[in-house]
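Chemist: Handing you this structure, nothing more for now.
The values are calculated or read from the model by the stated rules, or taken from the named source; none is laboratory data. Fair warning: this is a prediction, and the values are worked out from it, not measured in the lab. Every residue, glycine as well, gets a Cβ built from its backbone with ideal geometry; the counts of neighbours run over all protein chains shown.
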C-alpha cells in the first residue's frame, strides 16, 4: 500500500500484483513474453492504485521521451570510456538526451540495468557489450526499442557497429611478417571478451595460413599488470609479441626491460587500440588504431534514422589503421631464441 504523502510507486504496484518490480517495468514497457494473466494482474494493480510514472508528464506533449538509453560496462578501459563520451555527444547533437547506466558482467545486473532504462521510456538503446553474455541477456528480454550493439565486432548488421577487428589483426601480422618475423606470439584478452576472441581467432588463422611457427597463445585481462605477468610465459623462441591491447603491451615492455631485454632490438612488441599513452611509451608503441569516436557516432546515427523512419546508414565495420612506431624492428640473427 502506498505511504501517505506520496503517490504509489512501482514497488507498490508489484506488491499489489504479487510480482517483482522488474515484471511491472516489463509490462509497462510492453516486453514480449509476459504471461497474459500476469500482465492483467499488473494492469489491474496499476488501475486500482492510480499509479503514474513520473516520465509520463514530461513526455505527454510529444508522446516521446526524447531519450536514448546507454548501457556501459563497469570499467575504466579506454575503449568503452571513449565510446561513451562520443555517444553522449552524438546524442546531444541529435537533439536527444542520453540516459546512462553501468553494469557488471552478471546476468542479473544486466537485466536490472535494462529495466532501469525501460522504466524511463527510452526510445532506443546503445549497448556496449564486451561479452557474449551481455548480448544474450538483452536479446532474451527482447526490449521493444531499436538497439545498436557497440564494440562487439559481431554480425548483427545493421545494428552492430564496430571497427573491423580481423582487418586490424591482418594489418599487424602483415607488418610483422614484412619485418621478417616468423615466430610471433599473441597475448590475447579475457576469454569472455568478444573482441579478444575475434582477434585471437584471426591471429591463429593468419599464422596457419602463412605456415609460420605456432606458439602458445597467452591470456591476459586487458590490464598492464597482466601484460607484465605474461612476460614470464613468453616463449624464448618468439621474436615478436602481439598484445591484444596497448595496456598489456605497456606492461610487457616494462617486464622485458626489467629482465635486461631491449625493445625492439631483442624483441618486437606491438599492441591494439592506439590509446593516447601509446605514443609516449619507451619506445613508442606500434599498434592498431580503433576510431572509437566514429563508431559511437555511427551507432547514434543508425538509431536516429530508425526512430525517424529514415534510410539506415552503412554500418559495415569501420576500417582499422596500422600505426607504426619504434617498438617494431626487423627480425635479426641476434634476436632471442
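This table checks each residue for (1) modelled with pLDDT under 95; (2) more than 25 Å from the chain's Cα centre (by Cα); (3) in the same structural domain as residue 202 (by TED's automatic domain parsing).
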{"position": "252", "(1), (2), (3)": "no, no, yes"}
{"position": "264", "(1), (2), (3)": "no, yes, yes"}
{"position": "272", "(1), (2), (3)": "no, no, yes"}
{"position": "297", "(1), (2), (3)": "yes, no, no"}
{"position": "304", "(1), (2), (3)": "yes, no, no"}
{"position": "313", "(1), (2), (3)": "yes, no, no"}
{"position": "326", "(1), (2), (3)": "no, yes, no"}
{"position": "331", "(1), (2), (3)": "yes, yes, no"}
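Chemist: I'd like the residue in segment 155-174 that is within 22 Å of residue 269 (Cβ to Cβ) and in contact with a strand residue (DSSP E or B) (Cβ under 6 Å, 6 or more places away or on another chain) and, out of all such residues, is surrounded by the fewest Cβ atoms within 10 Å (Cβ to Cβ).
Modeler: Ranking the qualifying residues of segment 155-174, first place goes to 171.
Chemist: Just checking, how many residues over segment 142-180 are over 23 Å from residue 91 (Cα atoms) and at pLDDT 90 or above?
Modeler: Residues flagged as over 23 Å from residue 91 (Cα atoms) and at pLDDT 90 or above within segment 142-180 amount to 17.
Chemist: Considering each of 197, 202 in turn, give the residue that is outside any strand (DSSP E or B), without any contact (Cβ under 8 Å) to a residue 12 or more places away in the chain and within 16 Å of residue 168 (Cα to Cα).
Modeler: Unique residue meeting the criteria: 197.
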